[in-house]
Every structure is written in C-alpha cells, then in structure tokens.
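These notes concern the structure reproduced below.
The values are calculated or read from the model by the stated rules, or taken from the named source; none is laboratory data. All of these numbers come straight from a predicted model, not from anything done at the bench. Quick reminder, even Gly has a Cβ in these numbers, built from the backbone with ideal geometry, and neighbours come from all protein chains shown.
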Amino acid sequence: MCRVSSPRWLVFLCCVVSVCLSACAATAPVSPELATCMTHHDRFTRYDNGTVLDTCTHLMWMTQDYRNIEGKAPNSWPVAMAWAVTINQQCYGGYSDWRVPTLEEYKTVYMPEERKRSHNDKAVGYPGGFADGCGVWCWTREVSVYGVDGSLGAHAHEAYTFNFSNGRTLSRWANAHRFDRANEFTGSVRLVRGPLSTSMLPAAK
C-alpha cells in the first residue's frame, strides 16, 4: 500500500540520490536477443491503470506525461525531478516507485514510424499505448554539467533531454533562470519504473 506525504527536505534528498545513482550507473549493453525483441512494436501491453509495460525491457511506463497531467511544461530540470516524488505520493497506477528515466531508457521507446501527436500537434515517435497531447522532448535524470563546486540537485547547470520528434539528444540549461525560452513550452518528463523481475510483472490482460 502506498503512503502519502513527505517533507520538502525529503523531496530534495530524493532528487540528489537519483542523480547520484544515474551518474554512477554504467549503461548495460543491449543483448542480441533484446535487440531483436525491440524490433517488435506489439511488445507493449497497456493496462487500465494508466500504465504500459514493455515486455522486452520489463520497464513500465506512465501512459501520460507531465504535460498531460499538469497541463503545462516543467520549466526546469529540478521541477521534473521533483515530480517523481509527487507522483509516488499519489500512488499513480497503484505504485510508489516511479522515477525519471535515463537517456537510454527513453531511446528504447522511441518509435519514429508511430507518429503520435504532441500537445502542439507535432508528430512524435511515442509507442501506440502512450497518450496523445504529450511533450515533444523529455528531461532525463542525467546531468551533463554540474555546478562549479561539483554539487548536485538544483545546482546542476545542464541536463540531458531526449527529443521524440527527431530522436536526438540535447543538453539543456537545467534551471529556470537560464532556460531556453524558445523551447520551454515543448518539454515534459515521463516516468518509468523497473525493470521489473518476472515475479513483479502484472497479470496478462
């Protein structure tokens, strides 16, 4: 059962820990079996609780992103990071272990031929199980440039983003006061959980 309410210091701490973990984690190579599996676009199973399971990677995704749910774009990377804490407090889909994805995890669900529609009616390569009206690009949890003192969290200068309209990676200003205003309103973040062990996979529909 999910528990609600966390103090603000815990929200900040969760952001810092998430960044530390992503900075230290090595990207696992994609096995030939997984690469073959990922060519099948019918690998996604959508559930009634607002989630989609990738049966190849065993990652579970939210069908909606920040823009779908909040009705606006997150204006900074810290806001995107803190949203995971908010969603976990709300027990979205009945789970409380949602997190901001890595760059490589976003790439696994980039489907350029799907051409879903973003909030501004731009073609985006989201899987069919994802909702329309989403952001064009999404924040990752990975920081590309830290503060001059090596600090984390809200002091990051730049963070990586992934663009679902063209499949490109871009490092953007992380904080609102230095943010690229020309692209501010096209961004978002979509949360993920897992990869799930076989015993944690939801029952088939």
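Scanning the stretch 181-204 for residues that are modelled with pLDDT under 80 and surrounded by 11 or more Cβ atoms within 10 Å (Cβ to Cβ), we see that the one that is farthest from Val85 (Cα to Cα) is Asn183.
Quick grid of which residues meet (1) buried (at least 23 other Cβ atoms within 10 Å of the Cβ); (2) over 11 Å from Arg193 (Cα atoms); (3) touching a Lys or Arg at 6+ places or on another chain (Cβ under 9 Å); (4) β-branched (Val, Ile, Thr):
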| site | (1), (2), (3), (4) |
| --- | --- |
| His58 | no, no, no, no |
| Trp61 | yes, no, yes, no |
| Asp65 | yes, yes, yes, no |
| Ile69 | no, yes, no, yes |
| Asn75 | no, yes, no, no |
| Ser96 | no, no, yes, no |
| Glu105 | no, no, no, no |
| Glu113 | no, yes, no, no |
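When restricted to residues that are part of a loop (DSSP other than H, G, I, E, B) and surrounded by 15 or more Cβ atoms within 10 Å (Cβ to Cβ), the stretch 128-138 contains 6.
Regarding Trp139, is this residue touching a strand residue (DSSP E or B) at 6+ places or on another chain (Cβ under 7 Å), modelled with pLDDT of 95 or more and not basic (Lys, Arg)? Answer is yes for this residue.
Select from the stretch 148-169 the residues that are in a loop (DSSP other than H, G, I, E, B) and at pLDDT 90 or above and write down the one among them that is farthest from Lys116 (Cα to Cα).
If we take residues in the stretch 148-169 being in a loop (DSSP other than H, G, I, E, B) and at pLDDT 90 or above, then Arg168 is farthest from Lys116 (Cα to Cα).
Residues in the stretch 98-127 that are in a strand (DSSP E or B), touching a residue at least 24 places away in the same chain (Cβ under 8 Å) and either touching a Cys at 6+ places or on another chain (Cβ under 8 Å) or of a type in the set (A, V, I, L, M) (or both): Ser118, Ala123, Val124.
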